[in-house]
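The values are calculated or read from the model by the stated rules, or taken from the named source; none is laboratory data. Because the structure is a prediction, the values reported are computed rather than measured. Cβ placement follows ideal geometry from the backbone for every residue including glycine, while neighbour counts extend to all protein chains displayed.
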Amino acid sequence: MFVCVNSSHQPWLSPIPTLITFPKCTTAEHVNQIHAHMITTGFIKSTAITTKLVLTFISSPYEPLVDFARYVFFKHHSHGGFVRQCQGDPFLWNAVIRSYSHGSDPKGSLFILCLMLQNGVCLDKYSFSLVLKACSHVGLLKEGMQIHGLLCKTNIGSDVFLQNCLMVLFIRCGCIELAQQLFERMPDRDTVSFNSMIDGYVKYGLVDRARELFDAMSSEEKNLITWNSMIRGYVRSKDGMNIASSLFFKMPERDLVSWNTMIDGCAKHGKMEDAQALFDEMPERDSVSWVAMIDGYAKSGDVVAGRSLFDEMPKRDVISCNSMMAGYVQNCYSIEALQLFHDMRRAMNLLPDDTTLLIVLTAISQLGHIEVGITIHCYIMDNGYCLSGKLGVALIDMYSKCGSIKNAISVFESIEHKCVDHWNAVIGGLAIHGMGEMAFDFLMEMQRLSIVPDDITFIGLLSACGHAGMLKEGMICFKLMQNVYKVEPKVQHYGCMVDMLSRAGHVEEAKKLIEEMPIEPNDVIWKTLLSACRIHESFSIAEPIAQQLIQLNSCSPSSYVLLSNIYASLGMWDNVKRVRTEMKGKKLKKIPGCSWIELGGIVHQFSVQDGTHPQVTEIYSLLSSL
């Protein structure tokens with residue numbers, strides 16, 4: 001593109017051809033041509049032309065143009081004579097501030113504000129509002145409070161627009177009490193003031209306070225945002241759906257947000273009949289409406305109803321496909337999730353995003369289909385997806401659960417910028433494979449690289465030590481977690497320790513640890529100890545624990561089965577009969593265990609005394625010959 005050409009209609013030194021080309025620029029090459037032309041013609045020294053350039057380029061969606069506008073501004077407008085000319089008019093400065101506050105570097109707006117103060121440029125309420133919004137975006141509370149102090153010294157400090165901006169800053173930074181103090185001291189309040197405060201209360205679960213403000217507003221002051229915020233607060237609370245419904249039907253008018261909020265609330269509370277009734281009644285629907293319903297049905301376990309709605313959608317996008325796939329995975333329909341992924345790419349011609357691939361990798365992990373996992377890994381690498389975030393973590397986890405710890409470690413080592421989640425994934429994978437020593441070595445490497453482990457790291461480490469029989473190292477990790485890294489043990493950590501001690505035959509020590517736990521042990525911990533009692537024949541410990549578990553979980557068959565097995569191992573057949581009779585009386589059945597193996601891309605599943613496999617005769621024949 002020739003950005004500036006001479007014509008018979010315009011003299012060479014006329015700025016008009018140059019000005020006409022400004023809106024047509026989109027690339028760095030165009031910028032270079034414009035810059036070269038302005039230097040050779042001397043237009044670069046014209047304040048009027050450079051001002052026009054800055055104003056045109058500074059709001060462009062193309063980054064090279066914005067960068068050039070800032071360069072021209074700093075080079076020709078931020079000092080010297082121009083500053084003296086525009087001290088009373090911050091219009092150009094505000095345009096530059098806006099490019100930072102609405103762009104990828106909000107902190108830059110603070111630098112411009114300081115520059116304005118140093119050069120004596122007048123700041124108006126728009127200047128302050130832009131910087132306050134920038135502080136809100138990145139959580140700069142300290143700087144925001146400094147601006148608040150500066151505002152108090154000006155004659156615009158009490159302006160309701162700026163006060164609202166300050167309130168939003170405090171709310172986004174988690175200082176709800178500061179926001180409330182500011183709200184209460186405001187000389188004038190408008191609907192935005194009330195809405196901001198109500199939204200803040202709702203965000204932090206203070207629905208009662210939000211309701212007090214809501215009731216204090218007149219009907220004329222309340223708008224759709226007010227009503228929707230209040231409804232959103234109630235649908236999030238445990239027992240608030242009835243109040244939310246009452247408000248919804250009292251609203252003078254409703255928009256899509258109102259309907260979608262109610263539908264999402266009903267779905268999250270498991271009230272799918274109410275959600276369906278609202279969905280059928282709403283005057284118009286968008287993608288959010290459909291996704292809320294699909295997600296609700298999936299969470300309630302009704303995947304068929306969710307898929308039926310998905311198929312009815314007038315237009316499907318990546319988000320709706322992700323919702324349906326996630327529903328399949330949540331309900332262990334992993335094959336269907338993968339099929340939808342393939343349909344999405346081929347029939348629907350949609351490009352998967354990071355969330356899609358995370359769901360797909362989870363489905364592969366459930367199935368153990370490593371060949372499919374390798375194919376998805378190749379797709380990820382070929383299309384330039386970044387592994388520094390959750391995608392890399394999911395890939396490591398997938399390989400670990402599909403039986404290839406070697407590939408998992410290879411992916412881990414290929415990631416340049418690792419976070420603690422990547423370390424946790426690989427340590428968890430090593431735990432699954434019983435490679436306790438290597439997991440412990442990874443902890444040492446984390447310490448060498450100054451990467452701070454978290455509670456999940458230690459769950460993986462303790463599990464790895466337990467599976468590898470490394471009691472001493474496990475005890476070290478448990479103490480290291482508390483004394484060095486100040487991580488408070490959770491029930492999962494105690495569960496790992498009980499498992500570790502039980503595996504090593506230290507049943508008494510495991511029982512003592514449970515009794516000394518500062519938190520309530522769950523049934524998994526008690527069952528772990530009970531299993532150890534059976535293996536190590538500690539009947540005196542086992543029987544009272546089993547009876548306690550039966551009382552706690554009277555509808556769970558596993559506790560009855562464990563107690564029955566303990567009696568059987570001791571030859572106490574009358575007691576075995578009594579426990580089995582009790583199970584039959586309560587109609588409890590043990591879910592049979594099963595194992596599976598993948599062969600030629602097909603997963604074969606087997607249960608005890610299973611005769612359903614098409615090759616069952618050949619399988620039993622081979623087993624009998626061994």
* Failed condition for ASP302, given (1) closer than 26 Å to VAL168 by Cβ; (2) in contact with a helix residue (DSSP H, G or I) (Cβ under 8 Å, 6 or more places away or on another chain); (3) among the acidic types (Asp, Glu), with all others met? -> (1)
* Asked: Can you name the residue in region 268-295 that is of a type in the set (Gly, Ala, Ser) and modelled with pLDDT under 95 and, of all such residues, is nearest to the chain's Cα centre (by Cα)?
  -> SER287
* To do: Take the residues in region 236-259 that are basic (Lys, Arg) and in a helix (DSSP H, G or I), then tell me which one is surrounded by the fewest Cβ atoms within 10 Å (Cβ to Cβ).
  => LYS250
* Asked: Out of curiosity, is ASP188 within 16 Å of ILE58 (Cβ to Cβ), at pLDDT below 95 and charged (D, E, K, R)?
  -> no
* To do: Kindly check whether there is at least one residue in region 426-439 that is over 24 Å from GLU371 (Cα atoms), in contact (Cβ under 8 Å) with a residue 12 or more places away in the chain, of a type in the set (A, V, I, L, M) and buried (at least 21 other Cβ atoms within 10 Å of the Cβ).
  => yes
* Does any residue in region 162-188 that is charged (D, E, K, R) come within less than 8 Å, Cβ to Cβ, of a residue that is surrounded by 19 or more Cβ atoms within 10 Å (Cβ to Cβ) six or more places away or on a different chain, and which pairs are these? -> ARG172/SER136
* outside any helix (DSSP H, G or I) and touching a residue at least 12 places away in the same chain (Cβ under 8 Å): does that describe GLY233? -> no
* Structure fact -> Restricting region 112-139 to residues that are within 35 Å of the chain's Cα centre (by Cα), over 16 Å from VAL168 (Cα atoms) and of a type outside the set (Ser, Thr, Tyr), the one surrounded by the most Cβ atoms within 10 Å (Cβ to Cβ) turns out to be ILE112
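Could you tell me whether ILE427 is under 30 Å from THR356 (Cα atoms) and assigned to a helix (DSSP H, G or I)?
Numbers: under 30 Å from THR356 (Cα atoms): yes; assigned to a helix (DSSP H, G or I): yes.
For ILE427, the condition - under 30 Å from THR356 (Cα atoms) and assigned to a helix (DSSP H, G or I) - is met.
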* Index of the failed condition, TYR62 passing every other in (1) modelled with pLDDT under 90; (2) within 31 Å of the chain's Cα centre (by Cα) -> (1)
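Take VAL131 and tell me if it is modelled with pLDDT of 95 or more and among the β-branched types (Val, Ile, Thr). Spell out the reasoning first.
Values: modelled with pLDDT of 95 or more: yes; among the β-branched types (Val, Ile, Thr): yes.
The answer is yes for VAL131.
In this structure, is TYR379 hydroxyl-bearing (Ser, Thr, Tyr), surrounded by 19 or more Cβ atoms within 10 Å (Cβ to Cβ) and either in a loop (DSSP other than H, G, I, E, B) or in contact with a helix residue (DSSP H, G or I) (Cβ under 9 Å, 6 or more places away or on another chain) (or both)? Outline the logic, then answer.
Values: hydroxyl-bearing (Ser, Thr, Tyr): yes; surrounded by 19 or more Cβ atoms within 10 Å (Cβ to Cβ): no; either in a loop (DSSP other than H, G, I, E, B) or in contact with a helix residue (DSSP H, G or I) (Cβ under 9 Å, 6 or more places away or on another chain) (or both): yes.
Judged against the criteria, TYR379 is not a match.
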* Being within 16 Å of GLN447 (Cβ to Cβ) and either surrounded by fewer than 21 Cβ atoms within 10 Å (Cβ to Cβ) or among the acidic types (Asp, Glu) (or both) is the filter; apply it to region 465-481 and report the residue that is nearest to the chain's Cα centre (by Cα). => LEU480
* To do: Considering only region 176-225, state which residues are part of a loop (DSSP other than H, G, I, E, B) and among the hydroxyl-bearing types (Ser, Thr, Tyr).
  => TYR204, SER218, SER219
* Asked: Restricting to region 392-420, what's the tally of residues that are surrounded by fewer than 18 Cβ atoms within 10 Å (Cβ to Cβ) and either part of a helix (DSSP H, G or I) or at positive phi (or both)?
  -> 6
* Asked: under 30 Å from CYS477 (Cα atoms), at pLDDT below 75, surrounded by fewer than 18 Cβ atoms within 10 Å (Cβ to Cβ) and not aliphatic (A, V, I, L, M) - does that describe any residue in region 533-541?
  -> yes
* Asked: Failed condition for PRO314, given (1) surrounded by fewer than 16 Cβ atoms within 10 Å (Cβ to Cβ); (2) touching a residue at least 12 places away in the same chain (Cβ under 8 Å), with all others met?
  -> (2)
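Listed here are the residues, each with its yes/no results for (1) over 30 Å from LYS271 (Cβ atoms); (2) outside any helix (DSSP H, G or I).
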residue: PRO283; (1), (2): no, yes
residue: ALA298; (1), (2): no, no
residue: TYR328; (1), (2): no, no
residue: GLN366; (1), (2): no, no
residue: SER388; (1), (2): yes, yes
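Out of the residues in region 1-52 meeting the condition of being in a helix (DSSP H, G or I) and hydroxyl-bearing (Ser, Thr, Tyr), tell me which one is modelled with the lowest pLDDT.
Here is the first cut: in region 1-52, the residues in a helix (DSSP H, G or I) are 16-24, 28-41, 43-45, 47-52.
Okay, now just the ones that are also hydroxyl-bearing (Ser, Thr, Tyr), so 18, 21, 40-41, 47, 50-51.
Working: THR18: 84, THR21: 88, THR40: 90, THR41: 89, THR47: 88, THR50: 92, THR51: 92.
This residue is THR18.
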